[in-house]
Structure formats: structure tokens, C-alpha cells
1. In Å, what Rg and Dmax follow from the Cα atoms of the range 41-149?
2. On a full-extension model of 0.36 nm per residue, what is the gain between LEU201 and CYS180, subtracting their alpha-carbon distance, rounded to one decimal in nm?
3. Largest first, what is the accessible-area ranking of ILE46, ILE270 with a 1.4 Å probe?
4. With every protein chain present, what accessible area does THR183 have (1.4 Å probe, heavy atoms only), rounded to the nearest 10 Å²?
5. Order TYR93, TYR137, TYR282, TYR151 by their accessible area, 1.4 angstrom probe, all chains in place, largest first.
6. Please work out the Kirkwood hydrodynamic radius for the range 138-193, using every pair of different C-alpha atoms, and report it in angstroms with one decimal place.
7. Once you have the Cα-Cα distance between LEU114 and GLN88, take 0.36 nm times their residue separation minus that, and quote the gain in nm to one decimal.
8. In nanometres, what is the gap between the two model label sites at ALA63 and TRP141, each 7 Å from Cα along Cα-to-Cβ?
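The values are calculated or read from the model by the stated rules, or taken from the named source; none is laboratory data. Since the model is a prediction, treat every value here as computed from it, not as a measurement. Every residue, glycine among them, receives a Cβ derived from its backbone with ideal geometry; neighbour counts consider all protein chains shown. Surface accessibility is based on the protein's heavy atoms, side chains included, excluding ligands, DNA and RNA. Shrake-Rupley method; radii C 1.70, N 1.55, O 1.52, S 1.80 Å.
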Amino acid sequence: MDVPLSSPLSHSGYLLLKALLRLAGLLCLVSVATFVLLSYSPIDPIKAYIGNDLLHVPPEQYARIAARWGLDQPLWLRYWHWFSQVLQGDLGYSMLYNAPVAQVIGSRFAASFLLLAGAWLLSGFFGILLGLCAGRYLNRWPDRFICRFAYLLASLPTFWVGLLLLALFAVHWPLLPVCCAWTPGLSADEADWLMRLRHLLLPVTTLALLGVGNIALHTRGRVAEVLESDFIRYARAQGDGGWPMLRFHVLRHALTPAICLQFASLGELIGGSLLAEKVFSYPGLGQATVDAGLRGDIPLLMGIVLFCTLLVFIGNTVASLLLARINRGWEGEHAV
């Protein structure tokens, strides 16, 4: 049986196909722009790789290294070779870590996943909670306090928050470790989950504070909008009010848009992790990105850029699909 064009199944399939085509075009454009910018970077990858031994390297050996890495070829030819390898599933070889790019990204992202996931969950939970509280006491002192606090969090730079937390809870009050994912001198196998958790607290808190303000302000605005709707007036006329009304009538209308914004903020979270991991010397994907940029590791940077672009696109696509579904449900509910 044919599926009508207006059915939710065909609509979701159309959106998915459109998203895949947009992803392919986006990855191509991002890869071209990133490759061109990195090729004209003032950092010479060969000099960064050799380091202090550059004075002892003769010009012939320098030329052999450049030929081995393909740096003596024209820009378009180097990009075509890299793009051909990517189409075959090969992201290249990292000059900095002396390992395949896919392997470096996989190992580093495994460490960053706990950091990003913890910050994502905490920012969503506390942002929605503060937004509901502000909407519940709209234009009263809890609302004014939460709004000012949210604006303050949204304006603070990530590295400054990280340094402040380090100064307070690792230096002034030595309650938490200063850096790293586990105690320096130990291997990853020797670090237990409690040690990893203690080392995660400060960087997770830094990243979580980055997104709390936006989620809280968005949820507050949505709660204020729902409280002015007709079905809330009807619920109040039936005797509902206070927190029970907020829980059973307002929460389901205000929660899902906040979750959409949470998915759409993955790009901001990934960007903040670059600075947070560098401040706390956390061995994740963010620190690998900074080190690769300083050392001119073009294959690793290209792989990380494509990987982060894919994550951000997935988050934005999920947010768009959820928002489209919410709007259809909202229109159907009001049509009834």
C-alpha cells in the first residue's frame, strides 16, 4: 500500500533524505575551507615536527620529509589525495601522535565523551529547573534573581570560569585535583572510577555552567508563554494552580522545546570543551585539537573538524525533527 505524501512516515523520510544531502554538502564545504586555511597557516608542519633539531637537518632531508608528506605538491592535488583517501574510509596519519587519525579521534573522544555527556546532562537539568522556577514566579524576586544569574553565566568566558574554579576548589581549598583525567604517574588501567570522577568534577562543572543560562532563559520564556494560553486559563477555572498545574499542564509543553535547544547547543559545548580541556590538562579531543593546531598536524585537524561537524549536524538535525514534531502536535491539539 502506498504511503500518502502527507503521512508522518513520508514526511520523516523526506526530512531524513534532505538532512543527508545537506550533510554531504556541508562536509565538502567545511573540508575545502579548512584545508585551504590550514595550508596557508604560518605554522610549518615540518619545522613543528622536527622542533629543536631543525638546525641539524640538512635541506635534502627537509625536502625528503616534505615529499613524503606530500607538502611539495600543489594545493588542489594535496586536497584531492586527501579527499580520495577519506572516500575510502582513511582519514590519514597523525604526525603528532604517530598513529592513524581515526584511532586518535576514537581514543580521545572516549575520554571527552564522559566530560561532554556529564556537562550536557547537568546543563539541561539545572537550566530547565531554573527556567521552570523563574516562569512559576514570573516578574517576582525569584524570577529577577534567576534571570540576572542566567545572563551572568551566559556572558562569562569558559576559560575564566575554569581558572576561577581551579583557584577556589583546587588551590585555595584543595578539595579537588588540579588537572588531568587521573592522578599523574598512573596509567589508565590503574585509575578507578572514583578517581576519574573526582578529576571530572571541575571540568564538567565548567562546561555545564556554559549552557545553563541559555536553557534557563529559554525555558522561562516558554513557561511564560504557556501560562498565558487558553487551556491554562481553563485549568485555572477548574481550580488547578501552583506547582501541580506547572507539573501536569505546563511541564510537557515547556520541556520538549528546551530539550531541542539542548541538542542544538552541542556545537557550543564542543567549542567550550577545547578551552576547558586545555585549562584542566584533560586528555580529550579538545586538547588534541589545540596541540594539533600548534604543531601543524593537518591530517588530525581535518579529521577532528569533520568529526565535530558531524556531531553538531546530528544535534541540530535532532533538534529540528523534534521541533517539527512538537509544532504538528501543538497545531493538532489547538485544532481540536
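1. Taking only Cα atoms of the range 41-149, I get Rg and Dmax of 24.9, 74 Å.
2. Numbers: separation 21, 0.36 × 21 = 7.56 nm, distance 1.13 nm.
Contour length minus the Cα-Cα distance gives 6.4 nm.
3. Details: ILE46 5, ILE270 25 Å².
Output order, biggest surface exposure first: ILE270, ILE46.
4. Here the residue's solvent-accessible area equals roughly 60 Å².
5. Values: TYR93 115, TYR137 60, TYR282 10, TYR151 145 Å².
My answer, sorted largest first, is TYR151, TYR93, TYR137, TYR282.
6. Details: mean 1/r = 0.0699 Å⁻¹.
Answer for the range 138-193: a Kirkwood hydrodynamic radius of 14.3 Å.
7. Values: separation 26, 0.36 × 26 = 9.36 nm, distance 3.00 nm.
Using 0.36 nm per residue and subtracting the Cα-Cα distance, I get 6.4 nm.
8. 7.9
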